[in-house]
Structures are given as structure tokens and as C-alpha cells.
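What follows is a short report on a single structure.
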Amino acid sequence: MIGIVVVTRAALLIARRASTWTIDEHLGGLSPECVTVDLRGPAVYCGTARAGLFRSGDSGRNWEPVGAGIDHPMITAVDVGHAGHADGFGIVYAGTEPSAVFRSDNGGDNWVDLAGLRRLRSADTWSFPPRPHTHHVRWIEADVSVADRVFVAIEAGALVRTFDGGQTWHDRVRGGPYDTHTAMTHPLAPGRIYSASGDGYFESTDAGQSWRSPEDGLEHRYLVGVAVDPADPETVIVSATDAPVSAYSPRRAESYVYRKTALKGWEQAMRGLPEAKGTTVSRFATDVGEPGVIYAANNRGLFRSDDAGQSWKALDLPWPEPGLADGVEALACFPE
């Protein structure tokens, strides 16, 4: 069975199914922001906007703050590197506002500041437009194929890389994404990275050294979510809209889901999803044990596709109030 973690600003919600669906609610009032799972546990990590990073060692049933070493209370991104490990744990990376990345090799007991990130030449240009005095780490993608290769997206200004677990850093490259919201790597496509960005869709096949932007058929180019079929690195799903104003607020939202394959360019993939108007951008999750399956969540609910995004079916879950009504910040899966 699969557990599904849904992050909303109101609470962290974990859906489990035995004979029926149940929902556990955690971290209420702390403004959850991001989530990741260490599949060795599974341990679950959730970053909040107010109280730092929390961890659960029992699949999300109980939570505690992580150990010392993260200097900022606003955690905006978190990921676990599964290609390498230390002391039996996946290596955990946490990103903050202001932009910094911290690393833990012992399951979050303590953390090291990867300070070289802030010495990159582009750092002076990073800025989050709604609050131009600051910026933050929007996404961390620890490469699923190569230990210590990590991609970090700064909102806004750069997608940067480290190949040695954060000891040294490589700055953004010409032609690459500027405003990455979500990035993915794939175990069947080493060196490939997919970027859903405010400035469009980008792909690299050489670990971010060069980029291309296949956008034929993509009518809306402010992208937020990206997912890839666990069984096919050529089948890609994104959530898209025209601008930030129509992405996140249910009152103004109008968002779409697109799909592309090796044989076809981008096409809308909305069958079974709610109409675009009034629907916030979807967040996606996949599990390596479910080939062809993609989960999507937005303010209208949680949806499952078992044909790699060609069609979707709503999951009828007993969400506590306010449920998903204000939109979804992040989504993750783990095996139960």
C-alpha cells in the first residue's frame, strides 16, 4: 500500500488506506511548506514556515523537531539523497529563507551549513519579486542516480549544482532555467533533469551543463509541478498557468495539466481533472513501485492516474476542514 502525504498551509495531511481511507493531521498552525521521504525508514521530513524542520521515524505518525545546526526557522525545501547514505540514513538536505542549504548525514540529528552556496557569483542577483529584499531555496533535487550530485533552485535567480555533496558549487549556466519551482531526476535516465519553471519548461541530459526548452503545444508557460512516469523517462507531466496570480489563489486560479511523450509534444491532459478555472496548480508525486501511476493534488482534491497522466480519477477521502480548499504546497508518497 501507498501512504500519501499532502502539505497544505493549514496542516500536514497523511492519507492511508486499509479497508477504508483515513487521514492523519499533523503540524497544524506551523505553516507546513515542503516534504520528503527517506525510503529506508520510511522517515518523513516536513519543513515549516515558522518553526523549522520536523521529522517522523514512524511513517508520519509522530513528529519531533530535528537536531541543531539549521540557522533559520523558515524551511522552504527538503530532500533525501537515496543514491548515497551515511550511518544507515539517506543524506538529508534542507533549504531555507534566506537562501542557505544544510546537510545531515545522521537522519537529522545535526546539520552542516553548506556555505559555499552563498559565495556563488550569481548570489548578488537572487531576489524573490514579491519580497525583493530576500530570496529562498525553492527546490532541492538530490540526484536519484549519482551520490552527492544535488540540484538546488533559488527563487528567483538560479538553478545551481554540487557534485560533491555541497563542498563545492557550480553556478547557473547560460540558457538554463532562472525560476525553477520543481525539478526531477529519473533512475532510468542518468544525467537527465527536468525543470518546471516560472520561465517555462527545461530539460538537460548532461546534469545541468546545457539545456533545451521543448515547449511546442505548451500554451501556458508559468509552470509549477513536474512528474515523470516511473517506468518511462520520456513521459512527463507538468502543471501550468499564465502567471503567479492564477497559480496559487483559489479565487483567481486557472491552471492546466500537460503531458508529453517520446512520440508526441505537449498536449493538455485534463480528462478526469476539475475544470481549469478555480483550480490551483497541481502538485505531483510518484512511487517507484507503481509504474505508470501519478498522483496529483490541488484545491479540488487528490487525483490518481494509472495510465501515466492520460486520464485521472478523484480519490474520495475524508479530509478534515479546511482540507485542500486553500491549495496544496507539496505532495509525496511512501510505501506502507
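The values are calculated or read from the model by the stated rules, or taken from the named source; none is laboratory data. Please read all numbers here as calculations on a predicted model, not as lab measurements. Cβ atoms come from the backbone with ideal geometry, glycine included; neighbour counts cover every protein chain shown. Side chains are part of the model used for accessible areas, which takes the heavy atoms of the whole protein and leaves out ligands, DNA and RNA. Shrake-Rupley method; radii C 1.70, N 1.55, O 1.52, S 1.80 Å.
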Inside the stretch 55-69, can you point out the residues that are open to solvent by less than 40 Å² (accessible area, probe 1.4 Å), polar (S, T, N, Q) and assigned to a loop (DSSP other than H, G, I, E, B)?
Ser59
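For the structure I just gave you, tell me whether Gly278 is more than 13 Å from Ala308 (Cβ to Cβ), at pLDDT below 95, surrounded by fewer than 18 Cβ atoms within 10 Å (Cβ to Cβ) and out of contact with any Leu (no Cβ under 9 Å at 6 or more places or on another chain).
Spelling it out, it is not the case that Gly278 is more than 13 Å from Ala308 (Cβ to Cβ), at pLDDT below 95, surrounded by fewer than 18 Cβ atoms within 10 Å (Cβ to Cβ) and out of contact with any Leu (no Cβ under 9 Å at 6 or more places or on another chain).
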Counting only residues that are of a type in the set (S, T, N, Q), part of a strand (DSSP E or B) and either out of contact with any Pro (no Cβ under 6 Å at 6 or more places or on another chain) or in contact (Cβ under 8 Å) with a residue 60 or more places away in the chain (or both), the stretch 193-210 contains a total of 1
Unmet requirement for Gly3, which otherwise passes all of (1) in contact with a Lys or Arg (Cβ under 7 Å, 6 or more places away or on another chain); (2) surrounded by fewer than 21 Cβ atoms within 10 Å (Cβ to Cβ); (3) over 18 Å from Phe284 (Cβ atoms)
(3)
Does Thr235 satisfy the condition of being among the β-branched types (Val, Ile, Thr) and either in contact with a helix residue (DSSP H, G or I) (Cβ under 6 Å, 6 or more places away or on another chain) or crowded, with 23+ Cβ neighbours inside 10 Å (or both)?
no
Meets criteria (aliphatic (A, V, I, L, M) and surrounded by 23 or more Cβ atoms within 10 Å (Cβ to Cβ)) for Ile23:
no
Please work out which residue is surrounded by the most Cβ atoms within 10 Å (Cβ to Cβ), limiting yourself to the stretch 74-106 and to residues that are in contact with a Gly (Cβ under 6 Å, 6 or more places away or on another chain) and either without any contact (Cβ under 8 Å) to a residue 24 or more places away in the chain or more than 16 Å from Arg55 (Cα to Cα) (or both).
Val101
So which pairs qualify, if the first residue must be in the stretch 263-291 and in contact (Cβ under 8 Å) with a residue 24 or more places away in the chain and part of a loop (DSSP other than H, G, I, E, B), the second must be acidic (Asp, Glu) and crowded, with 20+ Cβ neighbours inside 10 Å, the Cβ gap must be under 8 Å, and the two must be at least 6 apart or on different chains?
Thr286/Asp229; Pro291/Asp229
Could you tell me whether the stretch 282-291 includes any residue that is touching a Ser or Thr at 6+ places or on another chain (Cβ under 6 Å) and buried (at least 17 other Cβ atoms within 10 Å of the Cβ)?
yes
Mind checking which residues of the stretch 82-126 are under 20 Å from the mean Cα position of the chain (by Cα), hydroxyl-bearing (Ser, Thr, Tyr) and not in a strand (DSSP E or B)?
Ser99
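For (1) under 23 Å from Ser104 (Cβ atoms); (2) in contact (Cβ under 8 Å) with a residue 40 or more places away in the chain; (3) in contact with a His (Cβ under 8 Å, 6 or more places away or on another chain); (4) open to solvent by less than 30 Å² (accessible area, probe 1.4 Å), each residue gets a yes or a no:
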| position | (1), (2), (3), (4) |
| --- | --- |
| Ala158 | no, no, no, yes |
| Arg174 | no, no, no, no |
| Tyr178 | no, no, no, no |
| Ala189 | no, yes, no, yes |
| Arg212 | no, no, no, no |
| Gly225 | no, yes, yes, yes |
| Ala231 | no, yes, no, no |
Hey, among the residues in the stretch 132-151 that are part of a loop (DSSP other than H, G, I, E, B) and open to solvent by less than 20 Å² (accessible area, probe 1.4 Å), which one's modelled with the lowest pLDDT?
Thr134
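Let's see how each residue does on (1) under 17 Å from the mean Cα position of the chain (by Cα); (2) in contact (Cβ under 8 Å) with a residue 40 or more places away in the chain; (3) crowded, with 17+ Cβ neighbours inside 10 Å:
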{"residue": "Ile294", "(1), (2), (3)": "yes, yes, yes"}
{"residue": "Asn298", "(1), (2), (3)": "yes, yes, yes"}
{"residue": "Asp307", "(1), (2), (3)": "no, no, no"}
{"residue": "Ala314", "(1), (2), (3)": "no, yes, no"}
{"residue": "Pro320", "(1), (2), (3)": "no, yes, no"}
{"residue": "Ala332", "(1), (2), (3)": "yes, yes, yes"}
